[in-house]
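FYI, it's all coordinate maths here, none of it is from the lab. These numbers were taken from a predicted model, which means no experiment stands behind them. Glycine also receives a Cβ, built like all others from the backbone with ideal geometry; neighbour counts cover every protein chain displayed.
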Amino acid sequence: MDPKAMMKLSYGLFVLTAKTGEKINGCITNTAIQVTTEPNQIAFAVNKANLTHDMVKESGRFVISIISEKAEFSLFKHFGFQSGRNVDKFADFDSYKLTESGIPYITVGINAYLEGEVVSASDLGTHTLFVCKVTDMEVLTEDASATYAYYHANIKPKPQEVKKTEEGKVIWRCTICGYEYEGDPIPDDFICPWCKHPASDFERVVL
Ligand code: FE
């Protein structure tokens, strides 16, 4: 059995948003699919650790904004790498509008949104699988939808390659004066011979 077979499944990427009382919040999910056309129903799974999970469960309503290939990494960072339990994700974010029911949809880096009501919720352990009826939807742009594979190949920042000397040595540069030390790692007790700052003020030179 080759577990890498799971990676051959394709996924889209979405911002799932919800509203309870005056609170609005959203998170990134990669599991949303249309499951029936008559009636028009979609399904998505959300990790229970996400605040948005609790808000969809409580309100029974949601919006899914479909992320396009034009989306920037900052969108993923904003909705994916911090929790609505600690920060108000919409306090310093203005690329959104509200549907008639007051749930936000994203307006930059997405190509469409779907709004709906939960029909059923299945407890899957770490996640809940919601099956939902679509009640409203709009197309915003004709940009292609981003897949999870596209995100990894084109949106996620690539690790920076460390620059090396012709002899293959890593170069550390003093951020204070520019002195360069060759070798890796730089010794903890190294003192810059030019400006006398410690090794902690050096960083690897990247390409
Ligand atoms: Fe220095």
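Relative contact order of the range 153-195: 26 percent, from C-alpha pairs under 8 Å at least 6 residues apart in sequence.
Rounded to the nearest 20 debye, the dipole size of the range 42-162 about its Cα centre is 380 debye, using +1 on the Cβ of Lys and Arg and -1 on the Cβ of Asp and Glu. Positive-end ranking of Phe93, Val46, Ala153 along the dipole of the chain, with charges on Cβ about the Cα centre, is headed by Val46. About its Cα centre, the dipole of the chain is roughly 260 debye, where the only charges are +1 on Lys and Arg Cβ and -1 on Asp and Glu Cβ.
Give the cross-link partners of Lys57 among the aspartates and glutamates, using a straight C-alpha distance below 17 Å as the criterion and excluding same-chain residues fewer than 8 apart. Straight-distance partners of Lys57: Glu22, Glu115, Glu117, Asp123. Sparsely packed loop sites in the range 159-207 (the GluC sites (Glu not before Pro) outside DSSP H, G, I, E and B with at most 10 other Cβ atoms within 10 Å) comprise Glu161, Glu166, Glu167.
Note that the range 14-25 has calculated 3J(HN,Hα) couplings of 9, 9, 9, 10, 8, 9, 10, x, 9, 7, 10, 7 Hz, one per residue in order, obtained from phi through the Karplus relation 6.51 cos²θ - 1.76 cosθ + 1.60 (θ = phi - 60°); glycine and proline are x. For the cross-link pairs Lys19/Lys156; Lys4/Lys77; Lys23/Lys133; Lys19/Lys48; Lys19/Lys89, which exceed 18 Å when the distance is taken from alpha carbon to alpha carbon? Cα-Cα > 18 Å for Lys19/Lys156; Lys4/Lys77; Lys23/Lys133; rest within.
Annotation: amide H-H contacts under 5 Å for Tyr96 (H modelled 1.01 Å from N, sequence separation of 5 or more, or interchain): Thr107.
Ranked by the mean number of other Cβ atoms within 10 Å of their residues, highest first, the peptides 131-140, 50-59, 98-107 fall in the order 50-59, 98-107, 131-140.
Measuring nothing but how far apart in sequence close Cα pairs (under 8 Å, 6+ apart) lie, relative to its length, the range 30-77 scores a relative contact order of 19 percent. Ranked by the mean number of other Cβ atoms within 10 Å of their residues, highest first, the peptides 63-71, 111-119 come out as 63-71, 111-119. Sites listed here are trypsin sites (Lys or Arg not before Pro) in the range 134-196 whose DSSP assignment is loop and whose Cβ has at most 16 other Cβ atoms within 10 Å: Lys163, Lys169, Lys196.
Once you sort the root eigenvalues of the Cα gyration tensor of the chain as a ≥ b ≥ c, which label holds: rounded (a/c under 1.5), prolate (a/b larger than b/c) or oblate (the other case)? Note, shape of the chain comes out prolate.
So what is the relative contact order of the chain, in percent, for Cα pairs below 8 Å that sit 6 or more residues apart? Relative CO of the chain lands at 19 percent.
Rounded to the nearest whole Hz, the Karplus-based 3J(HN,Hα) values (6.51 cos²θ - 1.76 cosθ + 1.60, θ = phi - 60°) of the range 59-74 follow the sequence 8, x, 9, 6, 10, 10, 9, 8, 6, 9, 5, 7, 5, 9, 4, 4, with x at glycine and proline.
The local environment of Asn111, defined by Cβ-Cβ distances under 12 Å, has a net charge of -3 under the rule Lys, Arg +1 and Asp, Glu -1. Within a straight-line Cα-Cα reach of under 23 Å, Lys169 can be paired with the following lysines, leaving aside sequence neighbours fewer than 8 residues apart in one chain: Lys158, Lys196. Charge tally for Asn40 (other residues, Cβ to Cβ under 12 Å; Lys, Arg +1; Asp, Glu -1): -3.
The range 126-160 and the range 16-31 have their alpha-carbon centroids 14 Å apart.
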